[in-house]
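The next block holds one structure in the form of structure tokens; read it before the comments.
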Amino acid sequence: MTTFVDRVELHVAAGNGGHGCASVHREKFKPLGGPDGGNGGRGGDVILTVDQSVTTLLDYHHSPHRKATNGKPGEGGNRSGKDGQDLVLPVPDGTVVLDGAGNVLADLVGYGTSYVAAQGGRGGLGNAALASARRKAPGFALLGEPGDLQDIHLELKTVADVALVGYPSAGKSSLISVLSAAKPKIADYPFTTLVPNLGVVTAGSTVYAVADVPGLIPGASQGKGLGLEFLRHVERCSVLVHVLDTATLESERDPLSDLDVIEAELSEYGGLDRRPRIVVLNKIDVPDGKDLAEMVRPDLEARGYRVFEVSAVAHMGLKELSFALAELVADARAARPKEEATRIVIRPKAVDDAGFTVTREEDVFRVRGEKPERWVRQTDFNNDEAVGYLADRLNRLGVEERLMKAGARHGDGVAIGPEDNAVVFDWEPSMSAGAEMLGRRGEDHRFEEPRPAAQRRRDREAERDDAQQEFDGFEPF
């Protein structure tokens, strides 16, 4: 059974925003108390967060579809809908988020680092929020926006300071087990290690992490064996350690040829040329291994490598190796550019920037922009008053004027939105004409008409005034 996964495809869906409510307040003696429809709740976000307790992407391999909750619709009595709950997905430290084209969206390094993979939709406004001096009682509300749908790829790149590379059975797992408290699986057959192992080493005042990268053989950079799957775990390491087997039983292999093969694969993978290298001649506890190490050491030093002869089994030469690695790690950390505080850059939009474009295509005039597309998504096209409100908003934004300048005429097709999800209609030069029958949009003429109870009260008051006038004009005998 697979227990380690470092690359998955994840399908995330944010929550939809709740619809606004169109309601009129009613109580005794107040049949038309004004609009009181509440706003819809915001949809939940899908957030990726680095969690210290997570070391693999296995959960998302088995369950690749994740969705946040939707916002609740608004209700009467000015009650807004409840916001959807954010869905927080824990990921290991060093996870890279990519889109379908392979572009990096986020590099999550450091515990607590987060990235919003899919943003929840806005809640629609209720008719209470849409009321104004002109629009006293809107008979409509705005719809909630749909949440984002994203298909993303997650890649795990191990966060370590030192990478142990070499042929299978060269003794990398044994070496990391004696340098640190890691307990990897160790056996005398190739490809024992199927997942990268991490260990923490303390050398004096320096604490650093060591990673055992498995599966490097000739052709690994082209996908042979397991190398291509785990070469990405070398990218974040500051120091590379070549672990060479001096006691191999294969006659066609020797430490120098093994080094040349692994270097060729690292060079083919790319991006690792400037990393400092150390060569470890392992298994010197074997008599033949000790002799071979002494034989090849001058050649390795002549190439410019620092060479250490060790034995993971006999614990020979480990202290010198650990302090040498600590020195290189400290130098690499000191050479890194100092991290500066994140600067907040504010880029205000121009005052005359309407934020939309009008382009002429073969059969339609296409309108693209954040505001027009969002307004269309929030409009209930089954409600004539809501459609009229949309027309007013687009007109105030300048869409109609821009269409006229682009050459649009009566009856031409106008599409608002992208090609795969656009609202298409036949344009009329005056978009407000379709709702003139409603009077001023959003007004309720019942507010202009006298209410029966108030009219009866005024009639009684008028009768009393007439009677009083007659009585005042009566002269006694």
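Per-structure values
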{"quantity": "Lys82 - accessible surface, heavy atoms, 1.4 Å probe, Å² rounded to 10", "calculated": "150 Å²"}
{"quantity": "Segment 13-110: proportion of alpha-carbon pairs further apart than 20 angstrom, %", "calculated": "56 percent"}
{"quantity": "Near-label residues of segment 146-185 by backbone N, under 12 Å of a point 7 Å along Cα→Cβ of Arg333", "calculated": "161-162"}
{"quantity": "Pairwise FRET efficiency - Glu419 versus Ala264, Cβ, R0 = 45 Å, nearest 0.05", "calculated": "0.40"}
{"quantity": "Euclidean distance between Cα centres, segment 1-52 to segment 232-292, Å", "calculated": "54 Å"}
{"quantity": "Asp288 accessible area, 1.4 Å probe, all protein chains in place, Å² to nearest 10", "calculated": "120 Å²"}
{"quantity": "Extended-chain gain in nm, criterion 0.36 nm per residue less alpha-carbon gap, Lys28 and Arg274", "calculated": "80.4 nm"}
{"quantity": "Modelled FRET efficiency - R0 51 Å, Glu301 with Asn382, Cβ distances, 0.05 increments", "calculated": "0.05"}
{"quantity": "Given charges at Cβ of Lys, Arg, Asp, Glu: segment 1-131 dipole, positive-most of Leu57, Pro35, Asn78", "calculated": "Pro35"}
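The values are calculated or read from the model by the stated rules, or taken from the named source; none is laboratory data. Quick caveat: nothing in here was measured; it's all calculated off a predicted structure. Positions of Cβ are generated from backbone atoms using ideal geometry, with glycine treated the same way; all protein chains shown enter the neighbour counts. The protein model used for the area step is the full one, side chains on, heavy atoms only, and it has no ligands, DNA or RNA in it. Shrake-Rupley method; radii C 1.70, N 1.55, O 1.52, S 1.80 Å.
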